[in-house]
Amino acid sequence: MGLAHVALWTLACTADPDWTLAEARHLLDRAGFGATPQEIARIHALGREAAVDALLDPGSFVAFDDPSPPADDPSFLERAFATEEERRAFRRERARDERLRIERYRDFWMREMAQGDDPVREKLALFWHGFFTSSQRDVRDADAMIGQIERFREHGMTSYADLLHAIATDPAMLKYLNNDKNRKQHPNENFAREVLELFSMGPGHYTEADIKEAARAFTGWVAKDGEATFVKARHDRAEKTFLGKTGKFDGADVLDIVLDQDATARFVAAKFVEFYVGPGVDTASIETFARTFRAARYDVRTLLRAIFLSDAFSAPSAQGALFKSPVEFMASTVRRLELDPPPPPFLALAAEHLGQSLLFPPNVKGWEGGETWFNTASILNRANVARILVHGSVGVREAEAMVDDAMRVAQDDAEDGAANEAKRRNDAFARAVKRLRRWDSKLDPVALCGSARTSNAAIRALCDRFLPVAPYASTVAELQWFIAPHGDDAFDLNDEETRDRVRDAVHLVLCLPEYQLN
């Protein structure tokens, strides 16, 4: 009997009887972006601790290789132009190049999530992107934004302390939170405030006076052409008093003081727990994770290992306790369907259309997540995007109609900024969809069902592959009737009509409420 035909929540590892296939899948879902039954079986065979250690052993880093790097043109501020129109034309061309580079990078990153060999690395980079948030909407520097995400991808599993120090002089962050305008004559408090509230200790552990003193310490840094430079003349070298300590502190000194606070380990550990485990984890467990984190000098791998091996992570209440973000929905669906991804830039633009635009988070707090991903429109959009992935070009016509409807809604309120932004996203997605008119998803419904000989076995195989929690018996019965309306005597995966029904059933499973969970 193939693994795909056995309810995953009923099997255990012979060498580790407390470690079930369902828990192995849960680990792969949360640490990465889901897996096939074969991948689940391989990680399950290792046993719990060895499986976690294997996942946290990063593979070779795959850096972004831009096929069309920017030209070595000087900044338009430094160039001599014959006319103002020439200056504007240059700026338009530069802006176009920036948009194309960001588009290429987002497609690259989505493909690494959906198809790459190290989804754990990419999931962690996604966490850092929502934690140390910057947005190209404000940064307007492709080099800086791409460099920031590449830092998260390459070094995300090393040290939080090192990342905190690095982000303080990160060119994208300097621009995003205006710390490149922070000078001793006119201190700018934006970065100092957010580093205390969102990047380290959290609210309630500092005063307004601490923010002002920290802002003075962070003076002197500027960003230009994707690089950070320290300008001594702009730095306030006078004495500061921060969190009860006094000295001629610079930004690095302030961060060292912050890292010496118990509140920092507690706040950051809680963010990891919220992202990888879910809401409702008890305070005692978070305190334990925080002590482990700090004792390990903020080593991220040590914290993740503690979380993944904890009772809180493997508790039944934690399975299916999170909602898939649009990026997770896209990446995990491609992985589970074992597809060659659609032509670029469909994946990134589809995630944007569903509400999550990589490199463009809505504000410094990142994406709110949870139930906010869902409304009537986004649920319908997920169903249509899933249909494209399952049916390829056959599903494109429906998607084009969906986009046309959304564009008409936006055009009805053209003066509204949000509507204009929605129209821009719809336009971009519509162009991406048009590129799929000749794309074949090459989905093999027989492979998804293995050697199932009955409709019940086929539906169980699909539910095992796609759903993080056991579906209702009534759901299984309805899907079973759908693929075999005339009973199992007529069920034959070699029959074209049956295969078409199974393919449609795959789409229905991807539309179920259970599939939106993680």
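Go through the range 436-518 and tell me which helices (runs of 4 or more DSSP H), entirely inside it, have 3 or more residues that are out of contact with any Ser or Thr (no Cβ under 7 Å at 6 or more places or on another chain) and free of Cβ contacts under 8 Å to residues at least 60 places away in the same chain.
Working: elements: 445-449, 455-466, 473-483, 496-511.
Fully inside the range 436-518 and qualifying: 455-466, 473-483, 496-511.
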Exercise for the section: Scan the range 440-482 residue by residue and report those that are closer than 26 Å to Arg397 by Cα and either buried (at least 17 other Cβ atoms within 10 Å of the Cβ) or of a type in the set (Asp, Glu) (or both). Expected result: Asp440, Ser441, Leu443, Asp444, Pro445, Leu448, Leu462, Phe466, Leu479
Fill in the blank from the handout: Restricting the range 354-373 to residues that are of a type in the set (Phe, Trp, Tyr) and crowded, with 19+ Cβ neighbours inside 10 Å, the one farthest from Arg104 (Cα to Cα) turns out to be Trp373
Problem - the range 116-173: number of residues that are of a type in the set (Ser, Thr, Tyr) and buried (at least 21 other Cβ atoms within 10 Å of the Cβ) - result: 3
Handout entry: Failed item in (1) at pLDDT 95 or above; (2) out of contact with any Ser or Thr (no Cβ under 8 Å at 6 or more places or on another chain), with Tyr176 passing the rest
Key = (2)
Completion exercise
Residues of the range 152-208 being without any contact (Cβ under 8 Å) to a residue 12 or more places away in the chain, in contact with an Asp or Glu (Cβ under 8 Å, 6 or more places away or on another chain) and not in a helix (DSSP H, G or I), in sequence order, are Pro203
Fill in the blank from the handout: The residue that is farthest from Glu328 (Cα to Cα), considering only those in the range 498-518 that are more than 21 Å from the chain's Cα centre (by Cα) and aliphatic (A, V, I, L, M), is Val502
Handout entry: Enumeration of residues in the range 321-344 that are farther than 20 Å from Ser441 by Cβ and of a type in the set (A, V, I, L, M)
Key = Ala321, Leu322
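Just give me the residues in the range 423-439 being among the charged types (D, E, K, R), in contact with an Asp or Glu (Cβ under 8 Å, 6 or more places away or on another chain) and surrounded by 13 or more Cβ atoms within 10 Å (Cβ to Cβ), in sequence order. Spell out how you get there, then give the answer.
Taking the range 423-439 first, the residues among the charged types (D, E, K, R) are 423-425, 427, 431, 434-435, 437-438.
Next, from what is left, pick out any that are in contact with an Asp or Glu (Cβ under 8 Å, 6 or more places away or on another chain): 425, 434.
Residue satisfying the conditions is Arg425 alone.
Is there a residue in the range 157-167 that is among the hydrophobic types (A, V, I, L, M, F, W, C) and over 22 Å from Ala192 (Cβ atoms)? If you could, list the steps in order and put the result at the bottom.
First pass over the range 157-167, keeping only residues among the hydrophobic types (A, V, I, L, M, F, W, C): 157, 161, 163-164, 166-167.
Then keep just the ones that are over 22 Å from Ala192 (Cβ atoms); that gives 157.
So far as the range 157-167 goes, yes, one or more of its residues are among the hydrophobic types (A, V, I, L, M, F, W, C) and over 22 Å from Ala192 (Cβ atoms).
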Fill in the blank from the handout: The residue that is nearest to Thr264 (Cα to Cα), considering only those in the range 295-332 that are surrounded by fewer than 22 Cβ atoms within 10 Å (Cβ to Cβ) and charged (D, E, K, R), is Arg297
Problem - Residue that is farthest from Met157 (Cα to Cα), among those in the range 119-147 that are part of a helix (DSSP H, G or I) and of a type in the set (Gly, Ala, Ser) - result: Ala142
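The values are calculated or read from the model by the stated rules, or taken from the named source; none is laboratory data. Every value quoted in this text rests on a predicted model; they were computed, and no experiment measured them. No Cβ is skipped: glycine too gets one built from the backbone with ideal geometry, and neighbour counts run over all protein chains shown.
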